[in-house]
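One structure is given below, encoded as structure tokens.
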Amino acid sequence: MPRYKLVNGISIQLTAEEEALRDAEEQAWADGAFDRAMADLRQRRNSLLSQTDYLALSDNTLSSDMSTYRQSLRDITSGLTTVEEVNAVVFPEKPEA
Amino acid sequence: MSTYGNLKYDFTFPASNPSGSLVLIKSITASASASVSFVNGSNGVVLDDTYKAYKFVFKNIHISNDSTRLQFNGSTDGGSNYNVTKTGTFFISAQTEGGSTIFQYQGTYDLAQSTGVQVLCQDQGNGNDESGSGEMWLYNPSSTTYVKHYTVLYHHYHAANYAWSNLIAGYCNTTSAVDAIQFNMSSGNIDDGTISLYGIN
């Protein structure tokens, strides 16, 4: 299906050269799906870790449940090889502090 | 001449916009569009020294492909090539409907002297009721003395069901006039939504 661009409100069909360029961009995007999924997973994991960082300070004793929770978060990216596996990850339940 | 205490100042708004208010230049509504461009000099679009600052307003940008990113690039040759060198930063704040939050500097989408696109959002959803809205300012794009700063606030429905805000700022590192701006998605089309261009002095 041909693509169209809007230039100042005027719809113009992409040239063959523009179509080829866009195809390459779309392919590059598709090829990067796993890396993007992992980056997104790490982003959300890091945010959850940071929310309990204060409990891991040296003047506090981390509970066993919290220690397990934080280790589970750190390990959550292990062994993932496909986008489907990444999307199926379920974050562990945060225990009471 | 106006006075305020001991201060005296003299300014004159240009005849094209004597009130100094936002002036709508052009609204473009996407319809399965691979890109939306504003190019100075035709079909009522100005992107030159007519105004000192330009504001793009995004209204309910709805996209074809799930988990893709709105992005922009600039041109200094009337839209023949969108490859202006840019340096910029990217912050996010987000919250799920269940209350989980994220607030992060997101270096992944930073640009450092890159001619590639500036990402304006992260992984927007494409569900029937999902869209994104926001604004982008471009300052003095016709300057041949200074770089051209841009600031963006874009909020969207994230593909993972977050209310997701992006704060982006940077500059087009060129002393050539930027005379065209193009928006597109990292993959797929902008299926619906309006981008309006305003000017202000």
Counting only backbone N atoms under 15 Å from a point 7 Å out along Cα-to-Cβ of B:Ala32, the residues of segment B:64-85 in range are B:64-65
Phi angles of segment B:57-62, converted by Karplus (6.51 cos²θ - 1.76 cosθ + 1.60, θ = phi - 60°) into ³J(HN,Hα) in whole Hz with x for Gly and Pro, give 10, 9, 10, 6, 6, 10
Note on chain B: contact order normalised by length, alpha-carbon pairs under 8 Å, 6 or more apart, percent, works out to 36
Computed from every Cα-Cα pair in chain B, P(r) in 5 Å bins starting at 0 and rounded to whole percents is 1, 8, 15, 19, 18, 15, 10, 6, 4, 2, 1, 0
Restricting to Cα pairs under 8 Å and 6 or more apart, the percent relative contact order of chain A works out to 25
Net charge near B:Ser42 (other residues with Cβ under 13 Å of its Cβ; Lys, Arg +1; Asp, Glu -1) is -1
Gyration tensor (Cα only) of segment B:145-201 to equivalent ellipsoid, semi-axes in Å sorted down, yields 26, 15, 12
Cα extents of segment A:33-97 per principal axis, largest first, Å, are 41, 16, 16
Straight-line reach check, A:Lys94, cutoff 19 Å on alpha carbons, 8 or more apart in-chain or any other chain, hits among aspartates and glutamates -> A:Asp53, A:Asp65, A:Asp75, B:Glu97
Here the tail fraction of P(r) beyond 13 Å, over all Cα-Cα pairs of segment B:111-160, rounds in percent to 68
The extension gain from B:Asn6 to B:Leu24, computed as 0.36 nm times the residue separation minus the Cα-Cα distance, is 2.8 nm
Sorted on mean Cβ neighbours within 10 Å (highest first), peptides A:72-81, B:80-89 come out as B:80-89, A:72-81
One finds, for B:Asp110 and B:Lys59 with R0 = 30 angstrom and r their Cβ-Cβ distance, a FRET efficiency to the nearest 0.05 of 0.65
Segment B:151-173 scanned against label point 7 Å out from B:Thr101 along Cα→C-beta; backbone N under 14 Å for B:163-165
Checked against a 18 Å limit on the C-alpha separation, the offending pairs among B:Lys52/B:Lys148; B:Lys26/B:Lys55; A:Lys5/B:Lys26; B:Lys52/B:Lys86; B:Lys26/B:Lys52 are B:Lys52/B:Lys86
Computed over the protein assembly as shown, the Cα gyration tensor eigenvalues, each multiplied by 5 and square-rooted, give semi-axes in Å (largest first) of 40, 26, 16
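Any read-out appearing in this document is the output of simple, stated calculations on the displayed coordinates, not a laboratory observation. These numbers come from a predicted model, not from an experiment. In this analysis, Cβ positions are derived from the backbone assuming ideal geometry, glycine residues included, and neighbour counts consider all displayed protein chains.
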